[in-house]
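Readers should treat all values here as calculations from the given coordinates under stated rules, not as data from a laboratory. Model, not experiment: these values are computed from the prediction. Cβ: placed from backbone, ideal geometry, glycine included. Neighbour counts: every protein chain shown.
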Amino acid sequence: MPEQHARHINLRTVLARLDAEGIAGYAEQAAFIGEVTELSLSIMDGGGDIDGLFARHVEWAVQRRNGWMDELHSDPLEI
């Protein structure tokens, strides 16, 4: 499903940006994002299903517009 592919790429982008800002590791990143456990975040980052509710929550947490997680972006650092 293309939507899941985009969500995985965008989640990886979000996690890489958080890491660059000093929010490193799934535990700290899960605490920052909220509404997710360290284990669930690692599973999603490893290719597990990212549901729509969580995608919307990530968008809110990193101040992106609704639907941002569902789209591929030409600039991978656009966050």
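One line per residue, one yes/no per condition, for (1) in contact (Cβ under 8 Å) with a residue 24 or more places away in the chain; (2) hydrophobic (A, V, I, L, M, F, W, C):
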residue	(1), (2)
A16	no, yes
Y26	no, no
V36	no, yes
D49	yes, no
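Exactly one of these conditions fails for S74: (1) in contact with a Phe, Trp or Tyr (Cβ under 9 Å, 6 or more places away or on another chain); (2) of a type in the set (S, T, N, Q); (3) exposed (fewer than 13 other Cβ atoms within 10 Å of the Cβ). Give me its number.
S74 satisfies every listed condition except (1).
Restricting attention to region 1-53, which residues are of a type in the set (S, T, Y) and under 19 Å from N66 (Cα atoms)?
Correct list: T13 only.
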